[in-house]
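Below you'll find the structure I mean.
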Amino acid sequence: MGSDTLDALVARVAGHAGHDARYMLGVAGSPGSGKTTLATTLVARLNEAQPGTAAYLPMDGFHLANATLDRLGIHDRKGAIDTFDGWGFLALLDRVRADPDHTIYAPSFHRTVDEGVAGELAIEPEARIVVVEGNYLLADQGAWAHVRDRLDAAWFCATPLEEREARLIDRHTRHGRTLEAAAAWARDVDGRNAVLIEQTRTRADLVVSGLTGEVLAG
């Protein structure tokens, strides 16, 4: 992602954020699209310019626990929309919006243990920009249908299928799957979820390339 392109995206966020009310930007996209890299880079660059002004809030912290997935019989498709606590995530977004005066702790997700970690992330009162990131921010079913209304703006990170699959296979092998198992998961689980996620890009204000950071639409 080029520096000039990234500078333009950072300037866009800073230009839209107000000085009083908290500004919430959503970054959505399919698995392997680069949305996490885009979101965390935006936060880092905003904080370089003005320390503490931006915070990162990932949807992945709301993965259901592996034991819960086992009990529900859906562990074999972890990452599907119903394997997350959507209503819990929505409630946290409401708190982030309504309570700018206190530190708000949020869960993260560690791929090394494949579980959420409660209270690891802190959204401090001085964070006037919160970059929310996740697969299903623009979905229109269940709790997720209400997420878009909680965001001031929403971007979609778009990356070609072949690149997404290559990234996912690399990720899954690094975290312990065999090459064959990694390819099957990228194709059959991540790929199935991506069919739904890619359809949600029409609800985004901006479509950004996950390869170059260039604005593709909006």
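Would you list the helices (runs of 4 or more DSSP H) that sit entirely within region 10-100 and hold 2 or more residues that are in contact (Cβ under 8 Å) with a residue 12 or more places away in the chain and surrounded by fewer than 15 Cβ atoms within 10 Å (Cβ to Cβ)?
Qualifying helices (runs of 4 or more DSSP H): 86-98.
Looking only at region 185-212, count how many residues are surrounded by 16 or more Cβ atoms within 10 Å (Cβ to Cβ), part of a helix (DSSP H, G or I) and without any contact (Cβ under 8 Å) to a residue 60 or more places away in the chain.
Qualifying residue count for the region: 2.
Does A98 satisfy the condition of being under 18 Å from the mean Cα position of the chain (by Cα), hydrophobic (A, V, I, L, M, F, W, C) and modelled with pLDDT of 90 or more?
No: the conditions fail for A98.
When you check V117 against the structure, is it in contact with a helix residue (DSSP H, G or I) (Cβ under 8 Å, 6 or more places away or on another chain), surrounded by 15 or more Cβ atoms within 10 Å (Cβ to Cβ) and β-branched (V, I, T), yes or no?
no
Still on this structure, I have one more. Within region 157-176, can one find any residue that is among the hydrophobic types (A, V, I, L, M, F, W, C), buried (at least 16 other Cβ atoms within 10 Å of the Cβ) and closer than 30 Å to Q50 by Cβ?
Taking region 157-176 first, the residues among the hydrophobic types (A, V, I, L, M, F, W, C) are 157-158, 161, 166, 168-169.
Filter once more, keeping what is buried (at least 16 other Cβ atoms within 10 Å of the Cβ): 157-158, 168-169.
When the remaining residues are screened for being closer than 30 Å to Q50 by Cβ, the result is 157-158.
Yes, the conditions are met somewhere in region 157-176.
Go through (1) closer than 19 Å to V27 by Cβ; (2) of a type outside the set (A, V, I, L, M, F, W, C); (3) at pLDDT 95 or above; (4) out of contact with any strand residue (DSSP E or B) (no Cβ under 7 Å at 6 or more places or on another chain) for S108 and report which single condition fails.
With respect to (1) closer than 19 Å to V27 by Cβ; (2) of a type outside the set (A, V, I, L, M, F, W, C); (3) at pLDDT 95 or above; (4) out of contact with any strand residue (DSSP E or B) (no Cβ under 7 Å at 6 or more places or on another chain), S108 is out only on (4).
Still on this structure: Y105: among the aromatic types (F, W, Y), without any contact (Cβ under 8 Å) to a residue 40 or more places away in the chain and not in a loop (DSSP other than H, G, I, E, B), yes or no? Working first, answer last.
Working: among the aromatic types (F, W, Y): yes; without any contact (Cβ under 8 Å) to a residue 40 or more places away in the chain: yes; not in a loop (DSSP other than H, G, I, E, B): yes.
Taking the combined requirement at face value, the residue satisfies it.
A further question on this structure: Is at least one residue of region 127-143 surrounded by 14 or more Cβ atoms within 10 Å (Cβ to Cβ), over 16 Å from A28 (Cα atoms), of a type in the set (K, R) and modelled with pLDDT of 85 or more?
yes
Further question on the same structure: Going through D140, D114 one at a time, which residue ends up being at negative phi and of a type in the set (D, E)?
Going through D140, D114 in turn, just one is at negative phi and of a type in the set (D, E): D140.
The values are calculated or read from the model by the stated rules, or taken from the named source; none is laboratory data. Just so it is clear, the structure is predicted and the values come from calculations on it, not from any experiment. FYI the Cβ positions are ideal-geometry reconstructions off the backbone, even for glycines, and counts take in every protein chain you see.
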